[in-house]
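See structure below.
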Amino acid sequence: MKGGDYLETASTNYGVLKGIASAEYHENGILKRCILKQKNAISIPCGIFIPQYEDDGKRKKLMKSMTFYENGNIASMILQDPLSVNTSLGSLPAEMITFYESGTVKRIFPVFGSINAFWTEEDEYNISPELQINLPFDVLKGRVINITLYETGEFKSITLWPKDTILIKTHAGKIQTRIGFCLYPDGKMKSVEPYSALNVNTPIGKVLAFDPDALGIDGESNSLVFSENGSVKSLITSMVKITVFCRDGKEIVHEPSFKRSYYFDYKLAVVPMKISFFGGCVCFGKRKSEKSDAEYKISECSFRIDYFVTKDCYNTCDECYC
């Protein structure tokens, strides 16, 4: 790291950056990240932007102005003032933008303040602009934390503020959604995070889908996932147990489990179960695991779905979403 009163300059793919107060470089000598103390105008295909160069002493701390990939293309930029970004969804307001290594826009944050003792998440939410975004299946109106695009420019996902929900049209009907949702590049619904338990039609019957441990990190890792043809690809459940009746007479029960709660002493939390469907099969496994614990050919089995009792269980959602 380099710092002090002396301000550097650095050559980049976007011209010469002036007024660099602190900089770090990749091993190949390309600028990796920097803090700016002078105004610079960066021209890229989606607009002309001014990276942050002043600290307002309260909301926008000057900790990082820009970052770059090893190929010299911009990776992220925090803006001095909100500006509009030209996208396939129209012009969107931004205080922070991230980019793919190719240079195309990846994620847009309409507001990007520093949450601290003097500036709360509620403060940030209150200044977040109300957006109207035209999606293939609906018009979204409201505040969002960020919007993600595919590298080819199509809409990918939206992350909602923790206190907000929206009603979204899906293959399973209209779903009250928290955290966010994700689309395929052609605009079809890929995944959503249900706000409450949702009875979903699956190849083995109706299953109550709900993930009590869903975290609002982004709108892409959702618990209810659809295939491109609209069928349920996978879901997370904490509310049912499923008995599989095999041809050989075996009866096998798959159900969520329990663990000690991280948030409440002497209480239990339910560990949700993941159910996946593909190629005429159903798989049962752990919530975060890509590997299944068991797999069955649906045509060779029958299934009974019963309610799974979770009374007196305390998961993260009891604090965050109630």
Residue set Glu193, Glu154; condition over 26 Å from Ser261 (Cβ atoms) and either more than 13 Å from the chain's Cα centre (by Cα) or touching a residue at least 12 places away in the same chain (Cβ under 8 Å) (or both); output residue Glu154
Criterion: within 22 Å of Gly180 (Cβ to Cβ), of a type in the set (Val, Ile, Thr) and part of a strand (DSSP E or B) - qualifying residue of Ile252, Ile236, Ile242: Ile236
Subset of region 13-44 [hydroxyl-bearing (Ser, Thr, Tyr) and either free of Cβ contacts under 8 Å to residues at least 12 places away in the same chain or surrounded by fewer than 18 Cβ atoms within 10 Å (Cβ to Cβ) (or both)]: Tyr25, Ser43
Kindly check whether there is at least one residue in region 78-99 that is closer than 18 Å to Ile179 by Cβ and without any contact (Cβ under 8 Å) to a residue 12 or more places away in the chain. no
Output the residue which, of all residues in region 201-215 that are modelled with pLDDT of 95 or more and of a type outside the set (A, V, I, L, M), is surrounded by the most Cβ atoms within 10 Å (Cβ to Cβ). Thr202
List the strands (runs of 3 or more DSSP E) that sit entirely inside region 1-90 and contain at least 3 residues that are closer than 20 Å to Ile147 by Cβ and β-branched (Val, Ile, Thr). 74-87
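Results for (1) under 19 Å from Ala197 (Cα atoms); (2) small (Gly, Ala, Ser); (3) surrounded by 13 or more Cβ atoms within 10 Å (Cβ to Cβ), shown as yes or no for each residue.
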{"position": "Val244", "(1), (2), (3)": "no, no, yes"}
{"position": "Glu255", "(1), (2), (3)": "yes, no, yes"}
{"position": "Ser276", "(1), (2), (3)": "yes, yes, yes"}
{"position": "Ala294", "(1), (2), (3)": "no, yes, no"}
For region 115-137, enumerate the residues that are in a loop (DSSP other than H, G, I, E, B), in contact with an Asp or Glu (Cβ under 9 Å, 6 or more places away or on another chain) and either in contact (Cβ under 8 Å) with a residue 12 or more places away in the chain or not assigned by TED's automatic domain parsing to the domain that holds Gly57 (or both). Pro136
Scanning region 56-79 for residues that are among the polar types (S, T, N, Q) and under 25 Å from the mean Cα position of the chain (by Cα), which turns out surrounded by the most Cβ atoms within 10 Å (Cβ to Cβ)? Ser65
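Please work out if Lys60 is charged (D, E, K, R) and closer than 23 Å to Ser91 by Cβ.
Yes: the conditions hold for Lys60.
Condition (residue is loosely packed, with under 13 Cβ neighbours inside 10 Å and within 20 Å of Lys156 (Cβ to Cβ)) applied to region 45-55: is it met by at least one residue?
Quick first cut of region 45-55, residues loosely packed, with under 13 Cβ neighbours inside 10 Å only: 45, 48.
Retained after the next criterion (residues that are within 20 Å of Lys156 (Cβ to Cβ)): 45.
Yes, region 45-55 has at least one match.
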Would you mind stating whether Asp213 is farther than 14 Å from Ser157 by Cα and under 15 Å from the mean Cα position of the chain (by Cα)? yes
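Looking at Val105, is it closer than 27 Å to Asp164 by Cβ, in contact (Cβ under 8 Å) with a residue 12 or more places away in the chain and out of contact with any helix residue (DSSP H, G or I) (no Cβ under 8 Å at 6 or more places or on another chain)?
On the way: closer than 27 Å to Asp164 by Cβ: yes; in contact (Cβ under 8 Å) with a residue 12 or more places away in the chain: yes; out of contact with any helix residue (DSSP H, G or I) (no Cβ under 8 Å at 6 or more places or on another chain): yes.
Answer is yes for this residue.
Here's the yes/no breakdown for (1) within 24 Å of the chain's Cα centre (by Cα); (2) buried (at least 18 other Cβ atoms within 10 Å of the Cβ); (3) at pLDDT 95 or above:
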| residue | (1), (2), (3) |
| --- | --- |
| Ile217 | yes, no, no |
| Arg247 | no, no, no |
| Glu251 | no, no, yes |
| Lys267 | no, no, no |
Would you check if Glu220 is closer than 25 Å to Thr152 by Cβ and either of a type in the set (A, V, I, L, M) or assigned to a loop (DSSP other than H, G, I, E, B) (or both)? yes
Of everything in region 269-322, what is at pLDDT 85 or above and β-branched (Val, Ile, Thr)? Give them in sequence order. Val271, Ile275, Val282, Ile298, Ile305
Could we say that Ser114 is modelled with pLDDT under 95 and surrounded by 15 or more Cβ atoms within 10 Å (Cβ to Cβ) here? yes
Condition broken by Glu151, with the remaining ones in (1) among the acidic types (Asp, Glu); (2) part of a strand (DSSP E or B); (3) assigned by TED's automatic domain parsing to the domain that holds Ser76 satisfied: (2)
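The values are calculated or read from the model by the stated rules, or taken from the named source; none is laboratory data. Not measured: the values here are computed from a predicted model. Ideal geometry is used to build each Cβ from the backbone, glycine not excepted, and the neighbour counts take in all protein chains shown.
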